[in-house]
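Any read-out appearing in this document is the output of simple, stated calculations on the displayed coordinates, not a laboratory observation. Everything numeric here is computed off the predicted structure, so don't read it as measured data. Counting neighbours? That spans all protein chains shown, and the Cβs are built from the backbone with ideal geometry, glycine included.
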Amino acid sequence: MEQVNKILRTEYLETDFLIIGGGTAGCYAALTFSEQSCGRILITDKADIRRSGCLAAGVNAINAYIVPGKTPQDYVDYARNDAQGIVRGDLLLTMAERLNRTAQKLEGLGLTILKDEQGGYTIRGNRNIKINGENIKPILADAVSKKPGITVMNRVNVFEYLVKDNRIQGAYAVSIDEPVLYVLTAKAVLCATGGAAGLYRPNHPGFSRHKMWYPPFNTGAGYAMGILSGAEMTTLEMRFIALRCKDTIAPTGTLAQGVGAKQINSLGEIYEQKYGLTTSQRLHGTVTENREGRGPCTLRTMGITAEQDEDLQKAYLNMAPSQTLRWLESGETPRIKNVEIEGTEPYIVGGHTASGYWVDTNRETTIKGLFAAGDVAGGCPQKYVTGAFAEGEIAANAAISYISQEAALPDAGQVREKKLWLEQFLSQEKASVTTDELEEKMQSVMDQYAGGIGSDYRFSEDSLRIADGKVQEIQRQANALSASDMQELVYILELRERLILCRSVIAHLAARRETRWHSFAENTDYPDISSEMECYVNSRLENGNLKILIRPLVGEGEAYEH
Ligand SMILES: Cc1cc2nc3c(=O)[nH]c(=O)nc-3n(C[C@H](O)[C@H](O)[C@H](O)COP(=O)(O)OP(=O)(O)OC[C@H]3O[C@@H](n4cnc5c(N)ncnc54)[C@H](O)[C@@H]3O)c2cc1C
């Protein structure tokens with residue numbers, strides 16, 4: 001690694017289509033663009049695209065697929081129902097129509113999709129197909145590396161957009177290894193940085209804090225950059241909280257669906273019917289049973305057959321090995337002991353819920369020429385891997401049509417200012433607090449006052465007001481942080497983007513004056529669902545103030561365009 005000095009070198013790079021985040025949506029968008037245009041593509045990723053983002057460790061199913069007998073409209077209806085109406089049907093439909101094609105394309109690139117005896121894909125449940133997906137990310141990255149028009153820059157962290165007159169010009173980034181500030185100019189830009197983890201105190205704070213469900217390195221950069229540049233955001237209040245096996249954070253779906261394990265409380269009562277079966281209802285039931293003294297809650301696996309027991313151990317060895325290791329280590333396999341469950345900390349993930357950029361059906365944001373796809377894009381929940389591909393494809397096609405003008409260079413004074421701002425962190429005296437300490441402080445504020453695990457995911461108007469004040473105070477303290485190398489500088493930038501996003505999440509939670517999704521947004525001042533809140537809660541930063549915009553729902557069969 002190059003010796004870090006306190007002065008950054010500025011490098012200017014120009015491209016046609018800049019893709020920020022070479023994850024699921026980003027890689028697929030690059031492939032689509034390169035197949036239909038001879039324009040230059042630049043992918044920048046803070047990690048290495050061979051093993052970055054949600055697909056880093058592999059996945060074992062395609063969760064969004066139109067199985068035989070079902071239609072894309074069925075998928076829209078399912079997602080709308082699960083989100084209690086607060087979705088964009090137009091986005092869901094344009095995504096659902098592409099799900100199967102994208103799965104087939106990945107199969108063509110080398111992904112193993114399991115087959116049944118008739119040669120069709122092996123179906124799991126109503127919307128899933130089974131894959132051997134441990135290498136899904138290297139397969140995607142390989143395909144990208146074979147395209148001559150695509151340049152990949154790994155370990156380059158993008159932190160701010162270049163926007164002029166509400167039109168995208170490119171983005172600023174820093175190298176994680178060298179003292180370089182990149183000024184990336186482009187004719188069109190795709191934001192595909194995934195969702196945000198690490199806003200809330202996690203299940204395992206301290207040394208193990210990165211043992212979480214969502215990738216800890218998806219820190220919400222895309223949301224924060226959009227917020228700062230005045231892009232409109234939607235439904236950030238619809239947080240996602242997963243119901244997991246206690247301690248290992250292993251998924252629970254395989255126990256519930258695979259062997260029909262029911263959720264039971266410490267009295268042995270099945271409580272799941274009492275609360276409902278959507279993700280948020282299953283979670284809410286568990287939280288409530290615990291609160292009311294009937295915990296710990298478990299999935300009833302005792303009594304399953306020896307064969308089922310072994311199958312479960314194998315299944316978990318494949319997708320969450322720590323769970324199998326725990327069973328083997330303790331000797332208490334699932335047929336001997338029920339599996340205790342708990343909720344994770346809240347995440348902001350537009351691939352599971354509807355939070356993210358407010359986009360039109362082309363996945364263009366409210367900033368011209370800036371597109372968003374995957375977990376960072378809002379309005380379209382339950383998109384998962386194939387939905388992220390589909391949105392990457394839509395955005396890439398739209399970017400091809402959009403590109404007409406030359407990439408514009410930013411103002412030299414503006415670049416100098418950005419460079420000085422970064423250099424200040426590298427040169428200022430060590431502050432009395434560290435980035436880690438402020439991150440922990442932020443997480444504990446969010447936990448306590450903005451509905452984290454510690455407050456049973458509940459909050460009130462008062463507690464949110466306190467949270468916002470404390471987050472602002474941390475923002476002030478963060479200005480004094482110091483970094484001794486580029487990696488530490490990136491940690492400061494990550495904290496900064498999380499803090500920006502926290503404030504928006506708090507504002508959205510406060511603006512939805514109802515409780516529509518238990519636990520995901522549990523407002524103790526408004527404990528019931530309200531017909532007045534049949535709308536989108538959107539927001540936009542205007543003159544430094546976050547403005548809440550209430551938008552009417554886009555009706556069935558309608559489409560929203562900017
Ligand atoms: C643990 C886990 C298991 C899952 N299992 C399944 C499953 O079995 N089936 C299924 O269909 N779906 C599954 N999903 C969901 C699915 O994987 C995601 O919805 C989808 O991959 C999201 O794609 P994305 O492109 O939005 O984000 P990602 O694929 O995460 O891509 C984001 C990329 O942006 C990069 N990045 C972030 N910030 C910056 C920055 N500042 N500068 C530059 N680069 C940046 C990251 O390094 C990353 O490469 C799972 C998700 C998780 C977290």
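Structural remarks
- Dipole magnitude (debye, nearest 20) for the chain, charges at Cβ of Lys, Arg, Asp, Glu: 360
- Relative to the dominant Cα principal axis of the chain, helix 279-291 is inclined by about 70°.
- For the pair segment 454-520 / segment 51-112, the C-alpha centres are spaced 31 Å from each other.
- Our summary gives segment 365-494 a relative contact order of 23 percent, counting only alpha carbon pairs under 8 angstrom and 6 or more residues apart.
- For the residue pairs LYS246/LYS470; LYS211/LYS383; LYS164/LYS430; LYS115/LYS274, the alpha carbons lie more than 32 Å apart in LYS164/LYS430; LYS115/LYS274.
- Relative contact order, whole percent, for the chain stands at 20, derived from Cα pairs under 8 Å and 6 or more residues apart.
- Here is the list for segment 348-440: trypsin sites (Lys or Arg not before Pro) lying in DSSP coil, each with at most 16 other C-beta atoms within 10 angstrom of its C-beta, are LYS430.
- With Cα atoms as the point set, the radius of gyration and Dmax of segment 398-538 evaluate to 19.6, 54 Å.
- Angle in degrees between helix 24-36 and the longest Cα principal axis of the chain, rounded to the nearest 10: 60
- Using the Cα coordinates of the chain, the gyration tensor eigenvalues translate into equivalent-ellipsoid semi-axes of 36, 28, 24 Å, sorted from longest to shortest.
- Residue pairs exceeding 23 angstrom between C-alpha atoms, taken from LYS46/LYS187; LYS105/LYS137; LYS147/LYS368; LYS314/LYS337: LYS147/LYS368.
- Rounded if a/c under 1.5, otherwise prolate or oblate - segment 1-65, Cα gyration tensor axes: oblate
- Residue-by-residue Karplus 3J(HN,Hα) for segment 93-106, coefficients 6.51, -1.76, 1.60, Hz, glycine and proline x: 5, 5, 6, 4, 5, 9, 4, 5, 4, 5, 5, 5, 5, 5
- Take every Cα pair under 8 Å whose residues are at least 6 apart in sequence, average their separation, divide by the length of segment 434-559, and the relative contact order is 21 percent.
- Aspartates and glutamates with Cα under 13 Å of LYS547, excluding same-chain neighbours fewer than 8 positions away: GLU232
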